[in-house]
1. Can you give the alpha-carbon Rg of the chain over 2.2 N^0.38 Å, where N counts its residues?
2. Just name one of 122, 83, 111: the one whose Cα is farthest towards the positive end of the charge dipole of the chain (beta-carbon charges, Lys/Arg +1, Asp/Glu -1).
3. Give, in nm to one decimal, the length gained when the segment between residue 3 and residue 116 is fully stretched (0.36 nm per residue of separation minus the Cα-Cα distance).
4. At 0.36 nm per residue, and after removing the present C-alpha to C-alpha distance, how many nm does the segment from residue 58 to residue 73 gain when stretched out fully?
5. At a 1.4 Å probe radius, carbon and sulfur cover how many percent of the accessible area of the chain?
6. Compute the distance in nm between two label points, each set 7 Å from the Cα along the Cα-to-Cβ direction, one at residue 82 and one at residue 25.
7. Run down the lysines and flag those whose C-alpha is under 23 Å from the C-alpha of residue 65, throwing out any fewer than 8 positions away in its chain.
8. Within a Cβ distance under 14 Å of residue 35, other residues only, what is the Lys/Arg minus Asp/Glu net charge?
Amino acid sequence: QVQLVESGGGLVQPGGSLRLSCAASGGTFSNYAMGWLRQAPGKEREFVAVISWSSRSTYYADSVKGRFTISRDNAKNTVYLQMNSLKPEDTAVYYCATSRGLYRDSDARLYDYWGQGTQVTVSS
């Protein structure tokens, strides 16, 4: 069973930056596409970004395009989300998840394994 652990969240001022990490264990990390999703209390889960196993293909939600960058290091079994120019509306719990395709969607049925989430709060 694949285990995923997110880290790097916290409190940051608008315009600031954070780098989230997701460390995987218990499976073959490079076999999966990896996605980042987020959810604020009382709101629907939202797709953020996804990256293919080779890092050749990426896709971003329009709301984060140009500000966030997803990357992965298969040798370290880790996927990253670099978040720049953060806005208050980016406040949410951020999850990483494995996928067998580049679905560009927030439907939980498309993802096999999830991390526990890390809180990102953007506030002045």
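The values are calculated or read from the model by the stated rules, or taken from the named source; none is laboratory data. The shown structure was predicted, so the numbers you read here are calculated from the model rather than taken from an experiment. All Cβ positions, even for glycine, are placed from backbone atoms using ideal geometry, and neighbour counts span all protein chains on display. Quick note on the areas: whole protein, heavy atoms, side chains included, nothing else; ligands and nucleic acids left out. Shrake-Rupley method; radii C 1.70, N 1.55, O 1.52, S 1.80 Å.
1. The value comes to 0.97.
2. 83
3. Numbers: separation 113, 0.36 × 113 = 40.68 nm, distance 0.95 nm.
Here the answer is 39.7 nm.
4. Working: separation 15, 0.36 × 15 = 5.40 nm, distance 1.41 nm.
This chain segment gains 4.0 nm when fully extended.
5. Details: 2810 of 6480 Å².
Carbon and sulfur: 43 percent of the exposed surface of the chain.
6. Label at residue 82, label at residue 25, 2.7 nm between them.
7. The reachable lysines, counting only those whose Cα sits under 23 Å from residue 65, are 43, 87.
8. Details: positive: 38, 45, 72, 100, 104, 109; negative: 6, 46, 105, 107, 112.
Every neighbour counted, the sum reads +1.
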